[in-house]
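The values are calculated or read from the model by the stated rules, or taken from the named source; none is laboratory data. Not measured: the values here are computed from a predicted model. Ideal geometry is used to build each Cβ from the backbone, glycine not excepted, and the neighbour counts take in all protein chains shown.
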Amino acid sequence: MAQGTLKIHSENILPIIKKSLYSDKEIFIRELVSNASDAITKLKVLIENNEASIKDYAPEIRVKIDQESKTITITDNGIGMSEVEVETYIAQIAFSGAEEFVKKYDSSSEKDKIIGHFGLGFYSAFMVSSQVEVISQSFKAECPSSHWVSDGSNTYELNRIDSQPMGTKIVLHIDEESQEYLEESKLEAVIKKYCAFLPHPLFVGDKRINEKEPLYLKSPQECTDEDYKDFYQQLYPFEPAPIFWIHLNIDYPFNLKGILYFPKVTERLEFGKCYTKLFCNRVYVSSDIKELLPEYMTLLRGAIDSPDLPLNVSRSYLHMDKTVRQLGSHLSKKISDKLNQLYNQDKEAYIPLYKEMEVFLKLGNLQDEKFYERTKDLLLFENSQAEWVSISQYLEAMKEKTKSKVFYHIDTSESHFLKLFKEKEVDVLRSTSPIDSHLFQHFESKMTDVKFQRIDGGLDDLLTDTQQAAPKEELLQFAKDSFKDLKVEVELKPLSSSSVPSFVMIDEDQRRFRDYMRLQKPDFSQDLFGKKTFVLNANSPMISKIEEIQKNKPELAKELLQQLYDLSLLSQKELHNDALQPFLNRSMKLFETLLCKE
C-alpha cells in the first residue's frame, strides 16, 4: 500500500482564483486594501505590546493611479515583510499570515481586529493584472527590503533591493480587459463601496475616503436622531429619511454590531430583494444576505457587522449553518422587542410608524411563528370610529354583539353597507392590504372559533329585521328567472335598514382564494369558479317599486333588476371592465324609458 501527500500546483489553482473564486472583478481592491489595513493593525498591536518601537506612528493607506504606466499602486506603512516572510506569505498560496498572527496575538479589542483570514485575497490582484509587484520593508530595520514580481504563472522573482520605507507597496499592471479601473472616479467608487469604514486613514490620490467611523460602533446613548439619519444617507444616498431604527450591539452568543432601519415604503422598494449591507470587521461583504435575514426582513435597510459569520473563502457570501440561523432568529427577536417597546411607551406615536411598516409586520406574522407570538397584538386596524385596535381588542369590545366574528371592509365606498352595521352599533375594521385575507386566515388557524368575514361576504342574523316584511314570492321567482342565465343566485331578505336596496354577496372563502390567485397571477379571471348571490332587501321601497312595475312591465323590471345588480357590483368594486359599457348603455336606455313620454 502506497501513501503520499497531496500537492497543489499554482499553475492549476491560479486560473481558478482568477476566474472562479470571486464573483466580481472589483473584489480585488477590497482584498488588497483590507490586507493593507491588516498590516497596520498588526504593527499597532506590536507597538502596544512593546514589541515594536516607532515614535509618532501615523498609519495610512494610499491608492494611486498612473495613467501613463497603466498601474494602480496600493501603499501602506504597516508591519511590512522580510524576504523570508514574502517567501512564506506571498509565494505559498493560501498560507494566511493573518491567521497565524491572530493565533499569536488573540485580542478581543475592536481596534485590533484582523480582516483577512484565508490567505487568498492577495491573488485576486491577478484578476485585473498582467503583472503584480510587491515591494516590502519589515518594521525590523535590520531586515533588507525585498521585491517580488509575478505574471500570474507558476513562477516569480524575489530579490533584495535598496532600503525602502517601512510597509508594503503593491503595484498592479492593469491588463487590457480591466482598463476601467484606471479611471479615478471608478476606482474611488469601488473603494468607497467596500472600504469606507476601514479603521485607518485611506486615501485615493490626495482624497480621504473614510473620514467617518461607522455609527454602529458607538453606543446608542452617544447617537442623536440626526446621527442616525446622516448614517442612513451615507449608506443610501438620496433616499427619503427612514421611519425609525434599531441599534444592535450583541456579544452573546455571537458578536454583532449594526443598525437596522425601517425605510419609507416606496414604489422603488422591491419585495424579496435584500437591502441590508453585511460587513465583516468594517469591510463590506454583500447585500445579498437572504440566508441571514428571513424573507420579511429583507425590506429593512442598514448595516450589520459581525466577525462570526461563516463567509465562503472569497468572503462574498454566507455559508448556511447554525450560526446564521441563530443570528436571523436573534435579529427577529430584537426587532419585535423594539416594536413592543414603541407600542407600550406611546401608542399614539406608534400608530404613524405602524402605517408605514404594516406590510413588514403582516409578512412577519405570516412567515415567522415566533415573530407572530411576539407581535400579533401590534397589528392594528382602523375601526368604525377611526380608532386603531388589535384583533384581540376588537373581539373583547364586540364579544356581546358578534361573539367571535370579526367584520371587515376594504373601502369607504362600501359606506352604504357600513351603515347597516353602524345602526346596529357593530364595529367594522378596515382592511388595507392585499395580504390581509391570508393574514385573517392565519389568525383563524391560531385563534379557535374566531372567524373573519367581509361585510358583503355573508348575511349575518344581526343585520336582518326580526319583524318580517310582507312576502314577495312572486318578485323573488321573477328575479331568479331573470338571472338564471348569468349563474347568479337570488335571495330576498328583510334587512334591518331600508337604505340598502341590494348587495352582492360573495362567499368569504371564495374571495380569499381569488385574492390569493390574483397575487400569484394578476390577470387571473375571478369568474372562473364560484358563485355570487344577489340579495334583495325586502324592506326597501325601491324593491317594492320594482315589484309593482314587474306586474305590468316585466321587461322594464328585468332591466331595473339588472341595473341594480351592476350598481351593487360597482359599489363593491366587483364590476368588470367588460361589463362597464353594457351598464352605461342600459343606464341611457332606462333614462329614456323612464323620462321620455311614449
Quiz item: Considering the stretch 383-416 alone, what residues qualify as being of a type in the set (Asp, Glu) and either within 30 Å of LEU564 (Cβ to Cβ) or surrounded by 13 or more Cβ atoms within 10 Å (Cβ to Cβ) (or both)?
Solution: GLU387, ASP411, GLU414
Quiz item: What strands (runs of 3 or more DSSP E), lying completely within the stretch 424-512, carry at least 1 residues that are under 27 Å from GLN385 (Cβ atoms)?
Solution: 451-454, 502-506
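Residue-wise test of (1) under 15 Å from ILE435 (Cβ atoms); (2) surrounded by fewer than 19 Cβ atoms within 10 Å (Cβ to Cβ).
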position: LYS334; (1), (2): no, yes
position: LEU339; (1), (2): no, no
position: LEU342; (1), (2): no, yes
position: GLU348; (1), (2): no, yes
position: LEU361; (1), (2): yes, no
position: ASP368; (1), (2): yes, no
position: PHE381; (1), (2): yes, no
Quiz prompt | ASN255, sole failed condition from (1) modelled with pLDDT of 75 or more; (2) under 28 Å from ILE29 (Cβ atoms); (3) buried (at least 22 other Cβ atoms within 10 Å of the Cβ) | solution = (3)
Practice problem: Could you please let me know if LEU278 is part of a strand (DSSP E or B), in contact with a Phe, Trp or Tyr (Cβ under 9 Å, 6 or more places away or on another chain) and modelled with pLDDT under 90? | Solution: yes
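This table checks each residue for (1) assigned to a loop (DSSP other than H, G, I, E, B); (2) modelled with pLDDT of 95 or more.
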position	(1), (2)
TYR228	no, yes
PHE231	no, yes
ASN249	no, no
LYS264	yes, no
Quiz prompt | the stretch 34-63, subset surrounded by fewer than 17 Cβ atoms within 10 Å (Cβ to Cβ) and under 19 Å from ILE209 (Cβ atoms), residue farthest from the chain's Cα centre (by Cα) | solution = ALA58
Quiz item: For LEU561, are the conditions met, namely being assigned by TED's automatic domain parsing to the domain that holds GLU574, modelled with pLDDT of 90 or more and either out of contact with any Ser or Thr (no Cβ under 8 Å at 6 or more places or on another chain) or within 20 Å of GLU574 (Cβ to Cβ) (or both)?
Solution: yes
Quiz item: What residue, among those in the stretch 559-598 that are surrounded by 15 or more Cβ atoms within 10 Å (Cβ to Cβ) and over 48 Å from the mean Cα position of the chain (by Cα), is farthest from ASP507 (Cα to Cα)?
Solution: LEU590
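Looking at TYR194, TYR216, which one is closer than 30 Å to TYR57 by Cα, modelled with pLDDT of 95 or more and part of a helix (DSSP H, G or I)?
Details: TYR194 fails: modelled with pLDDT of 95 or more.
Residue meeting the stated conditions: TYR216.
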Quiz item: In this structure, is LYS218 within 22 Å of GLY302 (Cβ to Cβ) and loosely packed, with under 13 Cβ neighbours inside 10 Å?
Solution: no
